[in-house]
Amino acid sequence: MIKMPVDKKTTLKLLRDFIHYIEYQRNYSPHTIYAYKADLKQFLSFVDYHFESVDREIIRKYLFYLKDKNYNPKSISRKVACLKSFFGFLVRRGHIKTNPTILILSPKIPERLPSFLTIQEIEKILESANDNSEMGLRDRAMMELLYSSGIRVGELVSLKMEDINITDETIKVKGKGGKQRIVPIGSYALNYLFEYFKKRGLRPGFVFLNKKHHGLTTRSVERIVKKYAKIAGINKKITPHVFRHSFATHMLDRGADLRTVQEMLGHSDIATTQIYTHITVQRLKEFYEKHHPRYKNVFSEDTEGDTV
């Protein structure tokens, strides 16, 4: 058992041990690891690195501090999850006796429907990448693959040449928590991958490379997608994740089974996939209201004096 008070050096070592634990034993995603590391540094600075004296009241003060700093509920919820994981780790390792976060609840996150593009908008962005240079073909193949498969941007940049099965027209994806799944890809994506490989060569390693033939970063992909959205004249906030949302929405719009879409997206909980059904239902209602000759919204008219 560590003797109190704990110094900053010891606390930072425990922080490194925790990061190593969630990376190599829990297989957290790189994005989550990066966020948790920043969240813990912020919290430990708040408590002057004396984690052993933290109780529920200090946690509550920290949450009020975050609210005063105008952090949104989603960020605060992640920070709470991070603290719960960290203090649980400390209890299991015998550094503290009780977890001060046990009765701390995460703030309720308002449900927000994911943004998506229409099929026409997707096509405009894809067709704006019409440069037949190696980088131009890379960009087109990359965006075609994002839309064709619905994979995450982190999964895209992690793809290796051996993950592509040309015969089966599938890719092997390593998702969150190190879970692998097989995802089909369409003919458009395959054709542009072929064209890109003609320029790039078939040397092993990452599929998508920069000009120095190193693997792309997620930030690079974000910049590339935004560039082509701007060229296409799409005045929406476009990220690689919007391609994923569009993939799921368009699949469900065309009658795909929810469980199948869940499997392709790599969602562990079908409730995560079900949010896309809210989008499709809303779109169906809007289409019905606009086009059905017998639709009439009686509640939008002046009904003063009416009785039920």
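The values are calculated or read from the model by the stated rules, or taken from the named source; none is laboratory data. Please read all numbers here as calculations on a predicted model, not as lab measurements. Neighbour counts run over all protein chains shown; Cβ positions are idealised from the backbone, glycine included.
From 261, 242, grab the single residue that is surrounded by 13 or more Cβ atoms within 10 Å (Cβ to Cβ), under 21 Å from residue 138 (Cα atoms), among the β-branched types (Val, Ile, Thr) and in the same structural domain as residue 167 (by TED's automatic domain parsing).
Exactly one residue qualifies, and that residue is 242.
Among all residues of the range 208-231, there is none that is modelled with pLDDT of 80 or more, farther than 24 Å from residue 141 by Cβ and buried (at least 18 other Cβ atoms within 10 Å of the Cβ). Any idea which residue in the range 245-255 is surrounded by the most Cβ atoms within 10 Å (Cβ to Cβ), counting only those that are closer than 17 Å to residue 118 by Cβ and of a type in the set (Gly, Ala, Ser)? Once the filter is applied, the top-ranked residue is 248.
Quick check, is residue 193 touching a strand residue (DSSP E or B) at 6+ places or on another chain (Cβ under 8 Å) and farther than 28 Å from residue 33 by Cβ? Considered against the rule, which asks whether it is touching a strand residue (DSSP E or B) at 6+ places or on another chain (Cβ under 8 Å) and farther than 28 Å from residue 33 by Cβ, residue 193 comes out as yes.
Quick check: anything in the range 195-207 part of a loop (DSSP other than H, G, I, E, B) and touching an Asp or Glu at 6+ places or on another chain (Cβ under 8 Å)? Step through it out loud before you land on a result.
Initially, the range 195-207 is screened for residues part of a loop (DSSP other than H, G, I, E, B), giving 201-205, 207.
If we keep only those that are touching an Asp or Glu at 6+ places or on another chain (Cβ under 8 Å) too, we end up with 204, 207.
Yes, the range 195-207 has at least one match.
Candidates are the residues of the range 22-38 that are surrounded by 18 or more Cβ atoms within 10 Å (Cβ to Cβ) and under 16 Å from residue 90 (Cα atoms); the one that is farthest from the chain's Cα centre (by Cα) is 22. Each residue in the range 223-265 was checked for being closer than 26 Å to residue 130 by Cα and not hydroxyl-bearing (Ser, Thr, Tyr), and 25 of them qualify. Checked across the range 155-173, the condition of being buried (at least 19 other Cβ atoms within 10 Å of the Cβ), over 25 Å from residue 75 (Cα atoms), without any contact (Cβ under 8 Å) to a residue 40 or more places away in the chain and not acidic (Asp, Glu) holds for at least one residue.
Residues that are in the same structural domain as residue 158 (by TED's automatic domain parsing), among the polar types (S, T, N, Q) and over 20 Å from the mean Cα position of the chain (by Cα) occur in the range 197-218; there is at least one. Remark: pairs (first residue in the range 237-266, in a loop (DSSP other than H, G, I, E, B); second residue of a type in the set (Asp, Glu); Cβ separation under 7 Å; 6+ apart in sequence or on different chains) = 239/222. Among the helices (runs of 4 or more DSSP H) confined to the range 41-132, the ones with at least 1 residues that are within 21 Å of residue 10 (Cα to Cα) and free of Cβ contacts under 8 Å to residues at least 60 places away in the same chain are located at 56-68, 73-92.
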